[in-house]
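Undergrad: Quick one: the structure is below, and I'll ask about it shortly.
The values are calculated or read from the model by the stated rules, or taken from the named source; none is laboratory data. This is a predicted model, so every value here is computed, not measured. Here the Cβ is made from the backbone with ideal geometry for all residues, glycine too, and neighbour counts use every protein chain on show. When the accessible area is computed, the model is the full protein with side chains, heavy atoms only, and any ligands, DNA or RNA have been set aside. Shrake-Rupley method; radii C 1.70, N 1.55, O 1.52, S 1.80 Å.
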Amino acid sequence: MSEKQLLSNRYLLVKHIGKGGMANVYIAVDTVLKREVAVKILKGDLSNDELALERFRREANASTRLSHPNIVDIYDVGDDGLNHYIVMEYIKGPTLKQLINKRGPLNYKEALMMMKQLCSAIMEAHRNGIIHRDIKSQNVLIKDDGTVKVVDFGIALANNAMQITSEDSVLGSVHYMAPEIAKGEVANMQSDIYSLGIVFYEMLTGSLPFNGDGAVQVVLNCIKTPMPSVCSYDHNIPQSIENIILKATAKNPLNRYQNVAMMLKDINECLNEKHLGDKKIKFEYSEDISVKKETVNSTKTDKKKKIDFSNYLSVVVLILLAVASIGITVFFLYMSGIIGFGAKEVIVPDIINRRVLEASDILDESGLILDLNSIQREMTKDTEAGLIIRVEPDVGTTVETGSTVKVVVSDGISEVMDDYVGQNIEDVRNILSKYPNLRVVAEAVGDAAEPGTIISQSGIEAMQEFDPAKNNTIYFKYSEYQSYIIPFELIGMNLNDAKYLLDSMNITYVVERTDINSLGLSDEEKAKFESMDVVKVNPETGTSYMQMNDSFVTLYYVE
């Protein structure tokens, strides 16, 4: 995906500003609403990867469910046949990580102000059943007015969603990861709270509490090393603030805040007079989460050593118990399908109307395998895209453990396209506007028919089925309209006046700021222009121009 490319005939990509493992991020111009936006585009090589697509869709679904002043707004989600994208609010400020790297530790009052906003945002996500799972200073943007914006719900997990992979539980940045997540447990509200505590510590000290030569060493330090004291780092920080960090980052979840609302309450009250004499918090439960079961096992072993094996009866009883124990173990292993005496049969579970990765987990629990390489897709009359509509073998069929199951997935709910040849192009545009995901590309050609009359239709043929929920493109050729000449007077005209002139001519345009020194003008020519004047037009003034759905004029101006 290159800059200056028009996405879905609407979003003009201006500049590449970031990339991650799955997606690239661009500044773009929404040519319909005439505003700057940020566009996250799934990397091309992942477009056919079911796992990546599902994670990308999950980010979109999680983000669009949230509306909060401290969460980046999502404006649009879709694909143009080639690129899957999310259009979101563009924040010009730095990330919290960049701010800390530039300024160093923040004043604790400023940090408290930011933490109030962060907690408020995450509390809203939790209220909607969404765990962020990747809270870190890189995912916090700071606007010029100090407003905090949380971004990147790329591995956010709804309470009723499945885990995509076993590795998914450790996708969050390791420095901010709760100890229980590093040990493979499922993320929850308390793991988000731990990450918030690490971000709070980072704000106050300018560094992270646990480091190491690699990810494994960082995790070990996180599990075994006590949380460093922010009060020792800066004696001006009240103990009440350190207590919030200690409680948020407690290694034992029993000692940690149970929800973000409790943490936010302490943040709001920590500077109150009643907290001036607070002592360092003492936890009710042990913080040593590295204790292993070997201690208990060794105790049992010691007891066994004390048995008097000279007693024949004791030996017999022990042998019988051992045989019984082995029998029970074998029975359970057999029932679970781990071992068997011949092939074990299972029933194909009901995975109709499930998404592919959720169905894969269900089949896996039954000892069956979903064939991801043979997934077929069909349009349907009533089933949304991505849901399974047929299974082979059929649901309820008895098969052997380890058998492969094939599925057919809905490619969307179809409608039938009408035949628009012979109709007026503007009338047809209005008719098709009821499909927000349908892109209409119209080309004016010389023809004897009345101007505006459609003479051919392609992309989606007449009577062809299509999915209105997906991004589709229909192409028309119509008899040519009158062409325009780009007005000469645009150069040197105030930007607002130039926009008004083009609006009156029904010409679509975008605006772009430019450096006047890049135009190769003489000093005398530069002096003719004032702030907000148009200095360049593309296509050039005097050029013959035909207004079509997928064309526009660019006005370049100086500040």
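Undergrad: Would you be able to tell me the number of residues in segment 269-281 that are surrounded by 13 or more Cβ atoms within 10 Å (Cβ to Cβ) and either outside any loop (DSSP other than H, G, I, E, B) or touching a Pro at 6+ places or on another chain (Cβ under 9 Å) (or both)?
TA: Of the residues in segment 269-281, 4 are surrounded by 13 or more Cβ atoms within 10 Å (Cβ to Cβ) and either outside any loop (DSSP other than H, G, I, E, B) or touching a Pro at 6+ places or on another chain (Cβ under 9 Å) (or both).
To keep it simple, each residue is scored yes or no on (1) at pLDDT below 85; (2) part of a loop (DSSP other than H, G, I, E, B).
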| residue | (1), (2) |
| --- | --- |
| Leu313 | yes, no |
| Ser325 | yes, no |
| Ile328 | yes, no |
| Pro349 | no, yes |
| Ile352 | no, yes |
| Ala359 | no, no |
| Asn373 | yes, no |
| Glu384 | yes, yes |
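Undergrad: Also, quick follow-up: Restricting the search to segment 508-549, which residues are farther than 26 Å from Glu36 by Cα and polar (S, T, N, Q)?
TA: Matches in segment 508-549: Ser522, Thr543, Ser544.
Undergrad: Checking the conditions here, which among Thr380, Thr401 is polar (S, T, N, Q) and over 26 Å from Arg57 (Cα atoms)?
TA: Criteria check complete, one pass: Thr401.
Undergrad: Can you give me the number of residues within segment 100-109 that are out of contact with any helix residue (DSSP H, G or I) (no Cβ under 8 Å at 6 or more places or on another chain) and open to solvent by less than 60 Å² (accessible area, probe 1.4 Å)?
TA: Keep residues of segment 100-109 that are out of contact with any helix residue (DSSP H, G or I) (no Cβ under 8 Å at 6 or more places or on another chain), which gives 101-104, 107, 109.
Still in the list and also open to solvent by less than 60 Å² (accessible area, probe 1.4 Å): 104.
Selection size over segment 100-109: 1.
Undergrad: Here's another thing I want to ask about it. When only residues in segment 10-31 that are in contact with a strand residue (DSSP E or B) (Cβ under 9 Å, 6 or more places away or on another chain), open to solvent by 30 Å² or more (accessible area, probe 1.4 Å) and not in a strand (DSSP E or B) count, which is modelled with the lowest pLDDT?
TA: Looking at the filtered set, the residue picked out is Gly20.
Undergrad: If you check every pair at least six apart or on different chains, which have Cβ atoms under 9 Å apart with a residue in segment 358-378 that is basic (Lys, Arg) first and a residue that is open to solvent by less than 70 Å² (accessible area, probe 1.4 Å) second?
TA: As it stands, the answer is Arg377/Ala385; Arg377/Val408; Arg377/Val409; Arg377/Ser410; Arg377/Asp411; Arg377/Gly412, since those pairs meet every condition given.
Undergrad: Moving on. State all residues of segment 484-512 that are loosely packed, with under 11 Cβ neighbours inside 10 Å and outside any helix (DSSP H, G or I); if no residue qualifies, say none.
TA: Hit for segment 484-512 is Asn506, nothing else.
Undergrad: Scan segment 191-208 and give yes if some residue there is of a type outside the set (Lys, Arg), farther than 25 Å from Arg127 by Cβ and in contact with a Gly (Cβ under 7 Å, 6 or more places away or on another chain), otherwise no.
TA: Yes.
Undergrad: Tell me which of these Leu53 doesn't satisfy, since it passes every other one: (1) crowded, with 17+ Cβ neighbours inside 10 Å; (2) at pLDDT 75 or above.
TA: Leu53 satisfies every listed condition except (2).
Undergrad: Which one of Glu185, Glu202 is within 19 Å of Met114 (Cα to Cα) and either at pLDDT 95 or above or not basic (Lys, Arg) (or both)?
TA: Only one candidate qualifies: Glu202.
Here's the yes/no breakdown for (1) aliphatic (A, V, I, L, M); (2) open to solvent by 40 Å² or more (accessible area, probe 1.4 Å); (3) assigned to a strand (DSSP E or B); (4) under 30 Å from Asn353 (Cβ atoms):
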position	(1), (2), (3), (4)
Asp394	no, yes, no, yes
Val405	yes, no, yes, yes
Val408	yes, no, yes, yes
Tyr420	no, no, no, no
Ala444	yes, no, yes, no
Met463	yes, yes, no, yes
Tyr475	no, yes, yes, no
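Undergrad: Looking only at segment 94-133, how many residues end up being without any contact (Cβ under 8 Å) to a residue 40 or more places away in the chain and either part of a loop (DSSP other than H, G, I, E, B) or of a type in the set (A, V, I, L, M, F, W, C) (or both)?
TA: 3
Undergrad: Next up: In segment 34-48, which residue that is modelled with pLDDT under 90 and of a type in the set (A, V, I, L, M) is surrounded by the most Cβ atoms within 10 Å (Cβ to Cβ)?
TA: Across segment 34-48, the extreme among qualifying residues is Ile41.
Undergrad: Right, next: Under the condition of being within 40 Å of the chain's Cα centre (by Cα) and among the charged types (D, E, K, R), which residue from segment 516-559 is most open to solvent (accessible area, probe 1.4 Å)?
TA: Glu559
Undergrad: Next question. Every residue in segment 138-151 that is within 16 Å of the chain's Cα centre (by Cα) and either open to solvent by less than 20 Å² (accessible area, probe 1.4 Å) or among the polar types (S, T, N, Q) (or both), please.
TA: Listed by number, the residues that qualify are Gln138, Asn139, Val140, Lys149, Val150.
Undergrad: If you don't mind, another one. Give segment 422-442 a look and list any residue that's over 36 Å from the mean Cα position of the chain (by Cα), assigned to a helix (DSSP H, G or I) and surrounded by fewer than 14 Cβ atoms within 10 Å (Cβ to Cβ), or say none.
TA: Glu426, Asp427
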